[in-house]
1. Among helices (runs of 4 or more DSSP H) lying entirely in region 606-664, which contain 1 or more residues that are surrounded by 14 or more Cβ atoms within 10 Å (Cβ to Cβ) and of a type in the set (Lys, Arg)?
2. Of the residues that sit in region 256-289 and are surrounded by fewer than 20 Cβ atoms within 10 Å (Cβ to Cβ) and among the hydrophobic types (A, V, I, L, M, F, W, C), which one is nearest to GLN228 (Cα to Cα)?
3. Test each condition in (1) more than 30 Å from ALA615 (Cβ to Cβ); (2) buried (at least 22 other Cβ atoms within 10 Å of the Cβ); (3) assigned by TED's automatic domain parsing to the domain that holds SER668; (4) out of contact with any strand residue (DSSP E or B) (no Cβ under 7 Å at 6 or more places or on another chain) for ALA365 and report the one that comes out false.
4. Name, by its number, the condition in (1) assigned to a loop (DSSP other than H, G, I, E, B); (2) within 28 Å of the chain's Cα centre (by Cα) that does not hold for GLN324.
5. Mind listing just one residue for me: the one in region 250-270 that is farther than 18 Å from GLU232 by Cβ and part of a loop (DSSP other than H, G, I, E, B) and, of those, farthest from the chain's Cα centre (by Cα)?
6. All but one of (1) surrounded by 16 or more Cβ atoms within 10 Å (Cβ to Cβ); (2) without any contact (Cβ under 8 Å) to a residue 40 or more places away in the chain; (3) part of a loop (DSSP other than H, G, I, E, B) hold for ALA443; which doesn't?
7. For a quick check of your reading of the model, give me the residue pairs whose first member lies in region 319-343 and is free of Cβ contacts under 8 Å to residues at least 60 places away in the same chain, whose second is buried (at least 21 other Cβ atoms within 10 Å of the Cβ) and part of a helix (DSSP H, G or I), with beta-carbon atoms closer than 7 Å and at least 6 apart or on different chains.
8. Run down ARG258, ARG211, ARG274, ARG250 and say which single residue is of a type outside the set (Val, Ile, Thr) and either modelled with pLDDT under 90 or not assigned by TED's automatic domain parsing to the domain that holds TYR331 (or both).
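The values are calculated or read from the model by the stated rules, or taken from the named source; none is laboratory data. Here the structure is a predicted model, which means the values were calculated and not measured. Please note: Cβ atoms are built from the backbone with ideal geometry, for glycine as well, and neighbour counts cover all protein chains shown.
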Amino acid sequence: MRIGVLIVDRISAPVVPWVLTFVVRHRAKSLRAVDATILGAAFARIGARLVGCSYELLEFRYEDVIDEKSLSVGRRIYYKDLARVHSWIISKPLLSRISKDGRRFAFFARKGAASGTISGSQSVVSALYLIQVARWVSKSIGSGPTGVCLRARLWKYEIQSYANQETVVLNWLPGRPDIDLKGRVKRILGVRGVRVVLSFIDTLRSRSQDRQSTSGSEGLVLADYHGQLNLENPELNSDVFFGLKSDLPRNRLLLLFRDGRDPLDVQKWQEMVRCGIKGIALAPEARKIADAPLFQPRRNLRAGIRFSSMAGRSEETGWLKELQIEYSGLYDYYVDLFRTTNARIYVNFHRFDGVHCAIADALEALGGVTAYYQRSYEEQPYLHRASDIDVMFSFNTAHADVERDSGSRIAYHITTGYVGDHRFPMLREHGRRLRQRLASHGATFVVAYFDENTSSDERWGPGHNTIQRPYEFLLRQVIDCPWLGLVLKPKKPSTLKDRLGPDVWCLLEQAEATGRCVLLRGGAIQSSYPPAYAALSADLAIHSSAIAGTAAVEAALAGTPTVILDEESWSVSEFYKLGVGRCVFQSLESLWYACEREAHGKPIEGLGDWSPMLADLDPFRDGKAAERIGNYINWMVEGLDSGKDRGRVLDECALRYRQEWGSDKVVSVNC
């Protein structure tokens, strides 16, 4: 087939002859590279001239690549297209043969088949994205059919089928999928082996002789630390929020520190000691205090998981064999961790990779329970969120349908309400004082603004430019309008200066100097401040995304009129039912017009009114979600402490919750 443009994901010198062969075969007029080495680009430019076509780097931005309905193609791939291709992948005999390998290994493998990101060189989703970029280029420049050359990766047949359906000519560059040496070594050694090496090094440094234990005879509730401690400030975000407002004894909590970016240090350790909460580092770089325990995995453990033998030499078969090694290492590691800490319950929100499967299998083998909670607003099925767990605490009953359509398997889906609503009463006084501070400098109308994270490479995700424009716009209004107050609550305060760039950051400093602009800083990984902290000081809250709407949901539940600035035009969102021009705005200019009217006593009817949706978002709205979660966990701990079988404990806790809060609040998902 003759094509107008041939797009290559990465040109290096060795692949140039193959690329030129495709150019000649398809009589392409233009050759464009997504990425290229210096030598590869030089050879491609000379070769293209010899065969009579042009050569250049392909320039595109994530936010510009939209489909016929003006929806973001990158977003749509994650929420829709990937699920279609994944259904073809998991129907292959290779994956259907492993259904009896461990309780959750099959789920782990099926989830792994769709893992990776749009920017990943070997992922399925990156292939789908580049195919869609090719379609977008074709329509943008009117070049007719477009072709794509991709480096080798797994699931070629399924990706080829997708390209055919999208009428894009797909060519594969020669070779096998790139070997991720770091990942290969990690899989061969197993996570346990890597941790043994790191722990041995730390042992030499600290001259520690004994393997440290973190518990006595009592079983513990383990929770991961994600950068939000705040044990003595319960009005702020905390990774153990459920243990601060419930019957769950604090001395049964054990925090797991993994991240060297925000390690267990003296300040955190002292705060935990004062509050009676235990902690343990899972890697040497995750602690900065010698008194804190370091988990050191035992050597020569055997998982006891039997896997199906894998015959054949295909790339997919080799991948599956590596997954078996990886899963065995993960299982070993977590069995050892849970035995060492005497774990009864493991609590987390993060389940976007397959590690949670090994965690659940390991804890189940020891008679324990995995419990996850919904932290973010979720309205669209999402393959990467699919989970196989015992208990899931969620905002509302509709979330069970989202999990079902995502492919999750959840024994007990428990509706508890919005997990941050216990903070609202504590934050009202903070909001009043913050507003008073802004008013003392002349502000009579206050806006709270929430952003989303952005990417330094604007080809693979919303670029920094997507937040620079709204920040610049609002900051200039603060400088020019003496009646306007602005409270900024960024998702990642630690990176905001880099994301805004020097010019917009300078504007921010000028706006702060007026006394009518406040930036809520704090948090090494995530913001310590919840959205309600800013919202409860404001007349109007603005969230910059209709796709990730958690901040908007919290602001609305806290009682602040809330609107969404959706410059991506994600019109499939449920938020659009609240009304364009009332709760959803697609341009800064239309949103600012509404703000001015509100500020000057000429409000738009229904501006920021979420009342039609509040009951669907949280059927309780009583400030007791954290208490319900903590109490439920405590019921499970008490049941397991009494010697009851985990299955009986799960059944009894679910029955007790049904009797207390309603039978519709407990359902099973795909079980």
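1. On the way: elements: 611-617, 625-641, 646-661.
Ranges flagged: 625-641, 646-661.
2. TRP269
3. Answer for ALA365: the failing condition is (2).
4. With (1) assigned to a loop (DSSP other than H, G, I, E, B); (2) within 28 Å of the chain's Cα centre (by Cα) applied to GLN324, the lone miss is (1).
5. Within region 250-270, the match that is farthest from the chain's Cα centre (by Cα) is PRO263.
6. It is condition (2) that ALA443 fails.
7. So the pair list comes out as TYR334/ALA358; TYR334/ILE359; TYR334/ALA362; VAL335/ALA362.
8. Answer to the selection: ARG211.
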